[in-house]
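What follows is a set of notes on a single structure, which appears directly below.
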Amino acid sequence: MIERIEQLRGEGEAAIATAATSDALEQARVRFLGRKAELPNLLRGVAQLPPEQRGEVGRAANVARRALEELIERRGAELAGAELDARLERDRVDVTLPGAPRPPTGTLHLLTQTRREIEDVFVGLGYRVAEGPEVERVYYNFDALNHDPAHPARLRSDTFYVAEDVVLRTHTSPMQIRAMERQPPRST
C-alpha cells in the first residue's frame with residue numbers, strides 16, 4: 001500500500017509540474033486530491049487496515065497529500081503570476097493614441113427642432129429646402145421680387161441696411177430668386 005502511495009505522489013508531482021495553465025493544474029488537483037481520487041480514498045480506508053499498518057500507511061498518505069497540496073499551491077501562484085503578466089501584456093493601452101471623441105452634450109433649440117420638423121414635412125411632400133445668406137443685396141431682397149421702390153419695407157426704419165445696396169435679409173423670398181437663377185423651372 002505504501003508503494004502505491006509513493007507511486008501516486010510521483011504521478012501527482014509530475015502532473016503538477018507539467019501543468020501549463022490554471023485549468024490544467026485544477027484538473028491535476030481533482031485527479032489526485034479530489035473527493036473521488038485514489039489518495040484521499042486510501043486515507044479514508046486506513047481504519048479498515050490491521051492496527052500495525054494503520055500508523056505507517058496513514059502517515060505516508062498524509063505526507064503525500066500535504067506534499068501535493070504544497071506543490072499545487074506553489075505552482076498555482078507561479079501560473080497565476082504568468083497568466084496575469086500575459087493578460088496585462090494583451091490588455092496594454094497605448095496612452096499616446098487620441099481619446100475617443102466626447103459624446104455631444106445638449107440638444108437643439110426648440111425653435112430649431114420645430115423648423116427642422118416643418119422642413120421634413122415639406123421635403124416629404126416634394127419641396128426642396130434652399131439655404132442662403134443672411135446678408136443680402138437689395139436686388140435679391142426687394143427689386144427682383146417686384147417691391148415698389150416706395151414700399152414701406154425699404155425704409156431705413158424697417159430694414160437694417162449694412163451698406164447702401166446690402167441689407168439683412170428681411171424674409172425668405174430672396175432664395176426663390178436665387179433658386180430660379182440656378183435652375184430652369186420644372187414642368188409638371
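Which of the following residues is free of Cβ contacts under 8 Å to residues at least 12 places away in the same chain and surrounded by fewer than 12 Cβ atoms within 10 Å (Cβ to Cβ): R59, R54, R35? Criteria check complete, one pass: R35. Hydrophobic (A, V, I, L, M, F, W, C), modelled with pLDDT of 90 or more, surrounded by 14 or more Cβ atoms within 10 Å (Cβ to Cβ) and touching a strand residue (DSSP E or B) at 6+ places or on another chain (Cβ under 9 Å), is that true of V162? No: the conditions fail for V162. Please go through the stretch 81-116 and pick out each residue that is surrounded by 10 or more Cβ atoms within 10 Å (Cβ to Cβ) and either over 30 Å from S22 (Cα atoms) or at pLDDT 95 or above (or both). Correct list: L108, T112, Q113, T114, R115, R116. Filtering A163, A150, A67, A144 for residues that are in contact (Cβ under 8 Å) with a residue 40 or more places away in the chain, at negative phi and among the small types (G, A, S) leaves a single hit, A67.
Modelled with pLDDT of 80 or more and either β-branched (V, I, T) or loosely packed, with under 13 Cβ neighbours inside 10 Å (or both): does that describe R75? No. Checked against the criterion of being more than 43 Å from the chain's Cα centre (by Cα) and not in a helix (DSSP H, G or I), the stretch 42-63 contains one or more residues that satisfy it.
If you go through the stretch 40-51 and pick out every residue that is over 24 Å from A17 (Cβ atoms) and without any contact (Cβ under 8 Å) to a residue 12 or more places away in the chain, you end up with 6.
The values are calculated or read from the model by the stated rules, or taken from the named source; none is laboratory data. Treat the numbers as computed from the prediction; the structure is a model and nothing was measured. Quick reminder, even Gly has a Cβ in these numbers, built from the backbone with ideal geometry, and neighbours come from all protein chains shown.
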